[in-house]
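The values are calculated or read from the model by the stated rules, or taken from the named source; none is laboratory data. Quick caveat, the model's predicted, so the values are computed rather than measured. Every residue, glycine among them, receives a Cβ derived from its backbone with ideal geometry; neighbour counts consider all protein chains shown.
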Amino acid sequence: MFWALRQVGWGLRAVGFATIVGAVKYHPLFKKLFFKPSAAKENEGGPTAEHLARLRADFRQTVDEVEALLGRNLDSWRNTEESKMEQAAA
């Protein structure tokens, strides 16, 4: 059934009815019936503090190397709280 709907949509687009296909595709009722909620909406809170901490730890050395290579301050790439503590300690 979904294959047939997709083929009809492509056929309508081919003869110049792309606007109609778009209107049907984005109609709330059609979306509820034929589209699954995306994984992004299921995880809508963004990354957890644990994930962010792990990413910062994983990329700390890389950011330090890029900073040295460029000779520029890349504190904006780091966690702002972490950067403030490091600057206060220096």
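I'd like to know if the range 24-43 contains one or more residues that are at pLDDT below 85, in a helix (DSSP H, G or I), among the aromatic types (Phe, Trp, Tyr) and surrounded by fewer than 10 Cβ atoms within 10 Å (Cβ to Cβ). So far as the range 24-43 goes, no, none of its residues is at pLDDT below 85, in a helix (DSSP H, G or I), among the aromatic types (Phe, Trp, Tyr) and surrounded by fewer than 10 Cβ atoms within 10 Å (Cβ to Cβ).
Looking at the range 44-90 only, could you name the residues that are modelled with pLDDT of 75 or more and not in a helix (DSSP H, G or I)?
Matches in the range 44-90: Gly46, Pro47, Thr48, Gly71, Arg72, Asn73, Leu74, Arg78.
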